[in-house]
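See below for the structure under consideration.
The values are calculated or read from the model by the stated rules, or taken from the named source; none is laboratory data. In this text, all values refer to a predicted model and were calculated from it rather than measured experimentally. Here the Cβ is made from the backbone with ideal geometry for all residues, glycine too, and neighbour counts use every protein chain on show.
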Amino acid sequence: NHIDKFKLSLFGEMGVGKTSLITRFMYDSFDNTYQATIGIDFLSKTMYLEDRTIRLQLWDTAGQERFRSLIPSYIRDSSVAVVVYDITNANSFQQTSKWIDDVRTERGSDVIIMLVGNKTDLSDKRQITTEEGERKAKELSVMFIETSAKAGYNVKQLFRRVAAALPGMEQTEPKKGEMTEVKLKDTGPIEPEHKEGGCSC
Amino acid sequence: KREKDSIYSRVNRKPTPHKKKTKQKQQDGRVYTIPVYTDERPQGNRRRDNRGNFTDFEMTKEYSSTMPRGGFSSADGDYDLNDSGSWMTKFRTLKPEKNRRKEEKKFKDGERRRQKEEERKQKEQQKAQKKKKKDGRPGTSESGCKLSEFPMSSNNPSLPQFVETCVEFIDNEGMNTEGIYRIPGNKLQVELLQGKLQEDPSLDIHTLDIQVNAVATVLKNFFNDTEPLIPPSLHDELLEAAANITEPDDESEGMPDKSSKLLALRGVLKKIYPTNYEVLKYFITHLKRVSQHKSTHNMNSSNLAICLWPTLLRIDFTGKTYTDMTQMTRLPAIIVQTLIEQCGFFFHGEDEISEVV
């Protein structure tokens, strides 16, 4: 009964709701006290998928800019990077490009990246439309979802979609709608084969 | 497995070593698009585009001229005729434009990654060198400008005008802003204000259309870019004093009570270089005022400490992992939280420690 373990890390500016997303997913609750995250926490959760069981290690990070230099060491063994922004804060949205860039620099295409627009419950303060989020996700070829940790909207789906995209032991053909994963995997191992011999056959 | 077999039977030949490799890799769990051997193989002048669809393409000069009539020559000059010897097999060896572009891109990506890696290493080295240079003189500049080199406020000769301008604006405008000092300001506004304040530190921020979060970020950046407010040479002493504070109070005879533990911490703070001490005093006193409005902006002393200790206590994380950091974050946050809560005791000569509500 082998259970695959995967490390998932959350990134994003301070106050976008990284900890709240984890709390909602782990305990299906929302903590109304406003509390900045100190350092880093990690929690584990087992997930049952259609064809297998996996264990997700969720790493919550403090969004402090001073810690950015630590990201490389932190992302190195992560399979998934969840990059969160606050739909009511345009700045947090702009900064996601930088986070995604940092992750890509470290891991290339060896990592699943999910862009998350959180706080959809604050629709009257919305500054970033769903379309803008989708567009950016497409541009950077990452997955995309909008959530509300407070209202419990789409949080399970977020983690389920990420889990479904993880490489399995017997991976079947990747599903069609999810182009991202195909891209992820087809770049890695092929290259050395072409390099090994002068002729590729 | 059957599917793979059928793939090979369809093309009616044994896989070449290259293809075997592909197959092995697939078995050990990694998945990627296999160079495809389906019955949809290119016919005539067709090739796959990057979505996997076949498109017609013109036989380019490049292709036709490099394509010997009898097949393609391999590196050793022999024509590469495998079992099937079909034209398409050789066609595939030509690495169509798409593949070449892909490889170029991958090469560039790799190059870029290597470059960034090198840059990081260089930076780490530079930091390490700087670290060596410092020899424990409190208040001297290890990185960034000395605070005393900035234009000073007319109200306080040891307070940079830059700091005063920002703090006064936040005092006036920031008390209702949720997450002040936590939520970063808009990048453009931050850059704009930084530039303007460098030109004229006594500028009235109200004349610019700038959100208070951006002002808080500018102030944070200022402290991050100048010499550390609290000199790194004092970090160990501070952490030691803080470790005592976190010990549960022992009421039994002969044990130090809470205020005497804080007194030890106050003693360490007094060692800070005068200008830095004045600025720290001014800033912490401001944070105390901010924390008193916690009901409107949710930033109590603990939250403020979590968001600001990395700026005030510039602990060097070079070469540290996130896990190391977790262990290193608790005490510094407690120091800053204690400074804010007991601001009167530490900086304004009050003898009694105040009760924390």
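From the residues in segment B:315-339 that are more than 8 Å from every other protein chain (Cβ to nearest Cβ) and in a loop (DSSP other than H, G, I, E, B), which one is farthest from B:LEU263 (Cα to Cα)?
Per the criteria, the residue is B:GLY319.
Test of understanding: among B:SER86, B:SER143, B:SER153, which residue is modelled with pLDDT under 90 and either aromatic (Phe, Trp, Tyr) or within 22 Å of B:VAL218 (Cα to Cα) (or both)?
B:SER143
Can you name the residue in segment B:322-339 that is surrounded by fewer than 22 Cβ atoms within 10 Å (Cβ to Cβ) and over 19 Å from the mean Cα position of the chain (by Cα) and is also nearest to B:TYR181 (Cα to Cα) among such residues?
Within segment B:322-339, the match that is nearest to B:TYR181 (Cα to Cα) is B:ILE334.
Looking at segment B:101-116 only, could you name the residues that are more than 9 Å from chain A (Cβ to nearest Cβ), among the charged types (D, E, K, R) and within 25 Å of A:SER69 (Cα to Cα)?
Hits for segment B:101-116 are B:LYS108, B:GLU111, B:ARG114.
Mind listing whichever residues of segment B:292-302 are outside any loop (DSSP other than H, G, I, E, B), of a type outside the set (Val, Ile, Thr) and touching a residue at least 12 places away in the same chain (Cβ under 8 Å)?
B:HIS297, B:SER301, B:SER302
Conditions: (1) of a type in the set (S, T, N, Q); (2) surrounded by 18 or more Cβ atoms within 10 Å (Cβ to Cβ); (3) out of contact with any helix residue (DSSP H, G or I) (no Cβ under 7 Å at 6 or more places or on another chain); (4) more than 11 Å from chain B (Cβ to nearest Cβ). A:ASN118 meets all but one. Number of the miss?
Failed condition: (3).
Inside segment A:89-105, can you point out the residues that are touching an Asp or Glu at 6+ places or on another chain (Cβ under 9 Å) and buried (at least 20 other Cβ atoms within 10 Å of the Cβ)?
Across segment A:89-105, the qualifying residues are A:ASN89, A:ASN91, A:SER92, A:PHE93, A:GLN95, A:THR96, A:TRP99, A:ARG104.
Identify, from the list A:LEU70, A:LEU56, the residue that is over 18 Å from B:GLY179 (Cβ atoms), in contact (Cβ under 8 Å) with a residue 40 or more places away in the chain and not basic (Lys, Arg).
It is A:LEU56.
Identify, from the list B:ALA216, B:ALA305, the residue that is within 14 Å of chain A (Cβ to nearest Cβ), farther than 16 Å from B:VAL167 by Cα, small (Gly, Ala, Ser) and touching a residue at least 24 places away in the same chain (Cβ under 8 Å).
Only one candidate qualifies: B:ALA305.
Residues that are closer than 18 Å to A:ALA81 by Cβ and either at pLDDT below 95 or hydroxyl-bearing (Ser, Thr, Tyr) (or both): list the helices (runs of 4 or more DSSP H) wholly contained in segment A:117-196 that include at least 3 such residues.
Because the criterion is at least 3 residues that are closer than 18 Å to A:ALA81 by Cβ and either at pLDDT below 95 or hydroxyl-bearing (Ser, Thr, Tyr) (or both), the helices (runs of 4 or more DSSP H) in segment A:117-196 that meet it are A:155-165, A:179-187.
Given the options B:GLY319, B:GLY349, name the one that is more than 26 Å from the chain's Cα centre (by Cα), surrounded by fewer than 16 Cβ atoms within 10 Å (Cβ to Cβ) and on the phi > 0 side of the Ramachandran plot.
Result: B:GLY349 is the single residue among B:GLY319, B:GLY349 that is more than 26 Å from the chain's Cα centre (by Cα), surrounded by fewer than 16 Cβ atoms within 10 Å (Cβ to Cβ) and on the phi > 0 side of the Ramachandran plot.
Answer with yes or no whether A:GLU65 is more than 28 Å from B:ASN224 (Cβ to Cβ), free of Cβ contacts under 8 Å to residues at least 60 places away in the same chain and surrounded by fewer than 20 Cβ atoms within 10 Å (Cβ to Cβ).
Judged against the criteria, A:GLU65 is not a match.
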